[in-house]
Every structure is written in C-alpha cells, then in structure tokens.
1. Which residues' amide hydrogens lie under 5 Å from the amide hydrogen of LEU117, considering only partners 5 or more residues apart or on another chain, with H built in the peptide plane?
2. Only four residue types carry charge here, +1 at the Cβ of Lys and Arg and -1 at the Cβ of Asp and Glu. Report the dipole size of the chain about the Cα centre in Debye, rounded to the nearest 20.
3. In whole Hz, with x marking every Gly and Pro, tabulate ³J(HN,Hα) for region 131-138 from phi via Karplus 6.51 cos²θ - 1.76 cosθ + 1.60, θ = phi - 60°.
4. Summing -39500 (n - 2.57) over the DSSP H runs of n ≥ 4 in the chain and dividing by its residue number, what mean residue ellipticity at 222 nm do you reach, to the nearest 500 deg cm²/dmol?
5. Which one of GLY204, PRO176, ASN124 has its Cα pushed farthest toward the positive end of the charge dipole of region 6-214, where Lys and Arg give +1 and Asp and Glu give -1 at the Cβ?
6. Measuring from a point 7 Å past the Cα of LEU175 along Cα-to-C-beta, which residues in region 10-24 have an amide N at less than 19 Å?
7. LYS84 to GLU136: extension gain in nm, 0.36 nm per residue of separation minus the Cα-Cα distance?
8. Tell me, what % of the accessible area of the chain is carbon and sulfur with a 1.4 angstrom probe?
Amino acid sequence: MKEGSGRLALLLSGRGSNLGAFLRAQQAGELRGSVEVVISNRPEAAGLRIAQDAGIATAVVDHTLYESREAFDQVLAEKVAQFKPDVIVLAGFMRILTTHFVNRFRGQLINIHPSLLPKYRGLNTHQRALDAGEHESGATVHFVTPGLDEGPGILQTPVPIEQGDTAATLASRVLPFEHKLYPYAANLVLTGQVSLKAQGVVWGDEILPAGGRLWRPN
Ligand code: GRF
C-alpha cells in the first residue's frame, strides 16, 4: 500500500461509508496520508467494523458515559491527540463539539455536510432543499469552527435535484459524490495547499467564498 506522510484520525458515529472511501483512496495510493485511528462515540457503529477489518486502530469514547459535553470532549480530545493526527476527519460524527475541542484542533478539523453550505446547516438537509424548491443539493467539506456547520468551506460539489426526488433518493445520489469529494478535499489540507486563516480559507493567493470552491469529480 502506497502511503502519504500525513496522519489522519477519523471520527464517526454510524455506517462509515465515507471511511470506506478514505480507505479505498489510501489503498489506491490517492490519499496523501494514512488513517491511523477511527474513533466512535457509539460502540455499535458499523464504521468501527470497517476499520477493524482493514487493520486500523479503533477507539470508542461513549458519550452516554459522561455527565457533560465538556467531560466527554476532554476525553475525546486526549484520545485523538494520542494518535498525533495532522488532520481530523469528521465523517458522520453526530455530536456537537465544544468550543474548547474545536479550538484545540483549529485548522486540522474538517467535516462533510450534505448541503451546499452556507445553505441548510444542521439536519434533514436534503428534505429542506426539496421543500424550498431548490434545483440542486450537494455536499460541502469545510473546516470546523465553533458554530454548527458554520465553518468556512473548502470544496463543494452540486448534485442536480430530479423530478420525483425524495430526501432518500437525493441522499443516495449525493453520497457517491461525497465519497469522491472528501478524500480529495482532505488531501488539500494534508498537503498544506489549503489552510484556515483569520480571514477565511486560503488557497494560494485566493480567499475562498463561504461555501468553498466549486468542484466536480471527473
Ligand atoms: C454523510 O451523509 C455525511 O455527509 C453526513 O453524515 C453522513 C455520514 O455517512 N455528515 P457515512 O457514515 O460516512 O456513511
């Protein structure tokens, strides 16, 4: 397996299809780093099994065992730091992180959100796009900052809404785009081509718009 030099920690809560995409990219030599650990807040997350089958270290920090969000985040942060990641990938990680956690890993923490941010932060993104009569939905990879889904975008890919689409059909058409988008965007951070600065996301001489640069897979 050809591996890059960067170290990734991936946090998830569920199925782990984006983790699968990172592992395929890594195996194909297309990821500029390697997934060192997969951490879940849910012991039953299917993504943990995907990691174990690939021989990757896993850890569980079960949020139900902590009295406060702060206490949970403190333990999670220590677990993450133990693996000395360059980039921390949130891939379906369904916990809101504290400002303390987010600031500790500022510039290293990225998330994928299934909408064209800054539109439709939060949950039920595809349904809300349909209800609003949008012509397209999509996904955005962004740096994480303290506000939920408010962090500045790196890349986003639009997916047309088709007649008769439901939230489920739309989500299933957006997902394969997520799988191409996310490792590609992570590479930009791993290689330092893109970084989070006070003025926003900087790519070369450019400060990117709020949602990031528009990107379409080949
Ligand atoms: C994806 O749709 C992602 O955009 C959202 O959560 C979902 C995670 O899916 N943040 P998976 O666990 O990677 O399959």
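The values are calculated or read from the model by the stated rules, or taken from the named source; none is laboratory data. Just so you know, these numbers come straight off a predicted model, no measurement behind them. No Cβ is skipped: glycine too gets one built from the backbone with ideal geometry, and neighbour counts run over all protein chains shown. Remember, those area values only see protein heavy atoms, side chains included, never the ligands or the DNA or RNA. Shrake-Rupley method; radii C 1.70, N 1.55, O 1.52, S 1.80 Å.
1. THR140
2. Working: 21 positive and 21 negative charges, 64 e Å.
Charge dipole, the chain, about its Cα centre: 300 debye, nearest 20.
3. Result, rounded to whole Hz: 4, 7, x, 5, 9, 8, 10, x.
4. Values: 6 runs with 70 residues, N = 218.
That comes out to -10000 deg cm²/dmol.
5. Result: GLY204.
6. Only 11-24 fall inside the zone, counting backbone N under 19 Å.
7. Numbers: separation 52, 0.36 × 52 = 18.72 nm, distance 3.82 nm.
Extending this stretch completely gives an extra 14.9 nm.
8. Values: 5160 of 10420 Å².
Carbon-and-sulfur percentage of accessible area, whole number: 49.
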